[in-house]
Amino acid sequence: MPLVTVIMPAYNRSATVGRAVRSICDQSVRDWELLVVDDGSTDDTATRAAEAGAGDRRVQVERLPENRGAAAAMNHAWRRSSSPFVAILDSDDVALPRRLERQVEHLEAAPETSVLGGAAHLVDFRQRYLRTVRLPEAHERLVRRRWYSCPFIHPTVMMRREFLEVTGGYTAGIRLGEDYDLWMRGFALHRFRYAN
């Protein structure tokens, strides 16, 4: 059982999915698996993902027969895994090399934290740096902001498996805001702590 399962939902991302997969293959933490779920793409997303992960048995690519949305694709992936930590990366994003290492270190040092997000560097279509987005770090500040601001940049999140099991994961059928829905349901249970 790997320490971290990275989930990557992908729909018609043939131009970017290879770079996203390679960014996980280049992580400083080696104890991971990557589950790429091609959500019924009409392009060669699945082929590009498989090519990027060729030769690395930790990279698995599955293709759903029809587009069911990111929520359904992510549920499909995390339910197949058994890792104690589940991380999200979108198929058009790139993880910095120490991302998984730093998040695992934080979660192991802070057992009260169930969901951990991070900052994100925004880049343009040529991969030129534009700015860095940072959200509040402490759970108490996230609680106060929850009604008008999403607490996490979704593709930076790492969660404890227990959080997904208790909440039931993402609500299938939601096409926009599936992450916000999940965080709000977690808030409502009053047993999970969030951090960035």
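If you go through the stretch 47-78 and pick out every residue that is more than 16 Å from Val6 (Cα to Cα), small (Gly, Ala, Ser) and without any contact (Cβ under 8 Å) to a residue 40 or more places away in the chain, you end up with 2.
Annotation: of all residues in the stretch 175-193 being touching a strand residue (DSSP E or B) at 6+ places or on another chain (Cβ under 9 Å) and basic (Lys, Arg), the one that is farthest from Tyr11 (Cα to Cα) is Arg191.
Summed over the stretch 65-92, residues that are in a loop (DSSP other than H, G, I, E, B), out of contact with any Ser or Thr (no Cβ under 6 Å at 6 or more places or on another chain) and more than 13 Å from Val36 (Cβ to Cβ) total 7.
Matching residues to (1) open to solvent by 40 Å² or more (accessible area, probe 1.4 Å); (2) touching a Lys or Arg at 6+ places or on another chain (Cβ under 8 Å); (3) assigned to a helix (DSSP H, G or I); (4) of a type in the set (Val, Ile, Thr):
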| position | (1), (2), (3), (4) |
| --- | --- |
| Pro111 | yes, no, no, no |
| Ser114 | no, yes, no, no |
| Gln127 | yes, no, no, no |
| Arg131 | yes, no, no, no |
| Glu137 | yes, no, no, no |
| Tyr180 | yes, no, yes, no |
| Phe187 | no, yes, yes, no |
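Residues of the stretch 17-33 include none that is closer than 13 Å to Ala70 by Cβ, surrounded by 23 or more Cβ atoms within 10 Å (Cβ to Cβ) and not aromatic (Phe, Trp, Tyr).
Quick grid of which residues meet (1) more than 20 Å from Ala110 (Cα to Cα); (2) within 16 Å of the chain's Cα centre (by Cα):
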{"position": "Met158", "(1), (2)": "no, yes"}
{"position": "Glu162", "(1), (2)": "no, yes"}
{"position": "Leu176", "(1), (2)": "yes, yes"}
{"position": "Tyr180", "(1), (2)": "yes, yes"}
{"position": "Met184", "(1), (2)": "yes, no"}
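For the stretch 97-111, taking the residues that are without any contact (Cβ under 8 Å) to a residue 40 or more places away in the chain and not small (Gly, Ala, Ser), the one that is nearest to Ser28 (Cα to Cα) is identified as Arg102. The selection criterion, being touching a residue at least 12 places away in the same chain (Cβ under 8 Å), of a type in the set (Gly, Ala, Ser) and either farther than 20 Å from Arg19 by Cβ or crowded, with 16+ Cβ neighbours inside 10 Å (or both), does not hold for Ala119. Quick one: in the stretch 34-66, which of the residues that are on the phi < 0 side of the Ramachandran plot and among the small types (Gly, Ala, Ser) is surrounded by the fewest Cβ atoms within 10 Å (Cβ to Cβ)? Looking at the filtered set, the residue picked out is Ala54.
I want to confirm something. Restricting to the stretch 139-178 and keeping residues that are loosely packed, with under 14 Cβ neighbours inside 10 Å and part of a helix (DSSP H, G or I), which single residue is modelled with the lowest pLDDT? The extreme case among them is Arg145.
The values are calculated or read from the model by the stated rules, or taken from the named source; none is laboratory data. In this text, all values refer to a predicted model and were calculated from it rather than measured experimentally. All Cβ positions, glycine included, derive from the backbone under ideal geometry; neighbour counts span all protein chains shown. Heavy atoms of the whole protein, side chains included, go into the accessibility calculation; ligands, DNA and RNA do not. Shrake-Rupley method; radii C 1.70, N 1.55, O 1.52, S 1.80 Å.
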